[in-house]
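Asks: Pasting in a structure now, in structure tokens, and then I'll have a few things to ask.
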Amino acid sequence: MPLLLKTLKDTQSLAQQLAAQSHATDCLALYGNLGAGKTTFARYFLEALGWTAEVPSPTFTIAQFYELPTHTLWHLDAYRLKSADEAIEAGLEDCFQNGICLVEWPQNIAGLLPKNRLDLHFSLEENSRTVEYTGHGHWQHIALNF
Ligand SMILES: Nc1ncnc2c1ncn2[C@@H]1O[C@H](COP(=O)(O)OP(=O)(O)OP(=O)(O)O)[C@@H](O)[C@H]1O
Ligand SMILES: [Mg+2]
């Protein structure tokens with residue numbers, strides 16, 4: 001069942017709940033078309049873990065690193081990558097070894113995604129925003145209050 005993300009507050013609540021359940025080496029794969037709300041989710045996720053400064057979109061840098069009070073976090077955007085091999089060449093494999101990883105356009109580096117992973121599919125259609133999620137590994141049994 002898709003969850004409705006009617007306002008930014010809904011995206012914030014989702015991000016807060018998932019941030020509270022995330023641990024080092026977890027991956028949240030953020031799928032969705034241009035403007036579907038992936039970076040917005042990542043910003044609220046970082047905010048929930050205590051980040052108060054700016055969160056630039058990693059579209060051009062591909063990877064941004066954050067040292068948070070209780071975690072380290074990588075925010076990746078694979079939009080400009082064509083394959084997992086290209087990501088490995090760019091040194092991105094290491095991002096999944098420590099810290100939490102948020103990945104936009106994860107389908108471009110599918111072979112690199114870790115097994116403990118939550119797939120989030122954001123969608124924006126006719127002004128209606130939704131997200132559907134599927135957990136893998138220890139994310140299979142997540143509880144969301146929506
Ligand atoms: N739940 C929401 N309610 C209302 N507006 C939202 C919501 N989520 C995101 N937005 C708005 O949608 C716009 C695009 O969001 P965002 O940049 O997060 O998309 P994106 O999926 O990261 O896009 P891209 O693929 O270009 O990186 C922003 O202006 C953001 O404020
Ligand atoms: Mg984005």
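Asks: Once phi is turned into ³J(HN,Hα) by the Karplus curve 6.51 cos²θ - 1.76 cosθ + 1.60 with θ = phi - 60°, what whole-Hz value does each residue of the range 55-68 show in order, with x for glycine and proline?
Replies: Per residue, the Karplus-derived 3J(HN,Hα) values read 10, x, 5, x, 3, 8, 7, 6, 10, 10, 10, 10, 9, 9 Hz.
Asks: Rounded, prolate or oblate, given the Cα gyration tensor of the chain, with a/c below 1.5 counting as rounded?
Replies: It comes out rounded by the Cα gyration axes.
Asks: Under a point-charge model restricted to the Cβ atoms of Lys and Arg (+1) and Asp and Glu (-1), what is the dipole moment magnitude of the range 49-106 relative to its Cα centre, in debye to the nearest 20? Spell out each step's value before the answer.
Replies: Working: 2 positive and 9 negative charges, 28 e Å.
So the dipole magnitude of the range 49-106 works out to roughly 140 debye.
Asks: Sum up the charges of everything whose Cβ sits under 11 Å from the Cβ of G37, counting Lys and Arg as +1 and Asp and Glu as -1, but leave G37 out.
Replies: Every neighbour counted, the sum reads +1.
Asks: Moving to a separate point now. Residue by residue through the range 106-121, which ³J(HN,Hα) values in whole Hz follow from phi under the Karplus form 6.51 cos²θ - 1.76 cosθ + 1.60 (θ = phi - 60°), with glycine and proline marked x?
Replies: x, 4, 6, 10, 3, x, 9, 6, x, 6, 8, 8, 10, 8, 10, 9
Asks: Along the charge dipole of the chain, Cβ charges K/R +1 and D/E -1, which of S83, F45, C27 sits furthest on the positive end?
Replies: Result: F45.
Asks: Related question: Provide, for the chain, the number of lysine pairs with alpha carbons under 24 Å apart, each pair being eight or more places apart or on different chains.
Replies: Value for the chain: 5.
Asks: Taking the Cα atoms only, what angle lies between the long axis of helix 8-20 and the longest principal axis of the chain, rounded to 10 degrees?
Replies: Roughly 50 degrees between the two axes.
Asks: On a 0 to 90° scale, report how tilted helix 38-48 is relative to the longest principal axis of the chain, with both axes built from alpha carbons and the result rounded to the nearest 10.
Replies: 90
Asks: What is the Cα centroid distance between the range 87-134 and the range 28-84, reported in whole angstrom?
Replies: One Cα centre to the other: 10 Å.
Asks: I'd like the Karplus ³J(HN,Hα) series for the range 93-100: coefficients 6.51, -1.76, 1.60, θ = phi - 60°, whole numbers in Hz, and an x wherever there's a Gly or Pro.
Replies: 4, 5, 4, 8, 7, 9, x, 9
Asks: OK, next. Using the beta-carbon distance between Q107 and T52 and R0 = 35 Å, what value does 1/(1 + (r/R0)^6) give for FRET efficiency, to the nearest 0.05?
Replies: Here the calculated transfer efficiency is 0.65.
Asks: May I ask you to compute the full-extension gain from H121 to L144, defined as 0.36 nm times their residue separation minus their alpha-carbon distance, rounded to one decimal in nm? Please list the in-between numbers first.
Replies: Numbers: separation 23, 0.36 × 23 = 8.28 nm, distance 1.53 nm.
Answer, rounded to one decimal: 6.7 nm.
Asks: Right, another one. Sequence-distant or interchain residues sharing an amide H contact under 5 Å with E104, placed H: which?
Replies: Under 5 Å from the amide H of E104 lie the amide H atoms of L30, L76, D77, A78, each far enough along the sequence or on another chain.
Asks: Continuing with the same structure: Amide H to amide H, which residues 5 or more places from L5 or on other chains are under 5 Å from it, using H placed in the peptide plane?
Replies: Sorted by chain and number, the residues that satisfy this are R129, T130, V131.
Asks: Give me the net charge of P56's neighbourhood, meaning all other residues with Cβ under 13 Å from the Cβ of P56; Lys, Arg count +1, Asp, Glu -1.
Replies: Details: positive: R43; negative: E54, D77, E104.
The answer is -2.
Asks: Suppose every K and R has +1 on its Cβ and every D and E has -1 on its Cβ; what is the size of the dipole of the chain about the Cα centre, in Debye to the nearest 20?
Replies: 340
Any read-out appearing in this document is the output of simple, stated calculations on the displayed coordinates, not a laboratory observation. Worth saying up front: this structure is predicted, and the values here are computed from it rather than measured. Here Cβ is always computed from backbone atoms with ideal geometry, including for glycine, and neighbour counts include all displayed protein chains.
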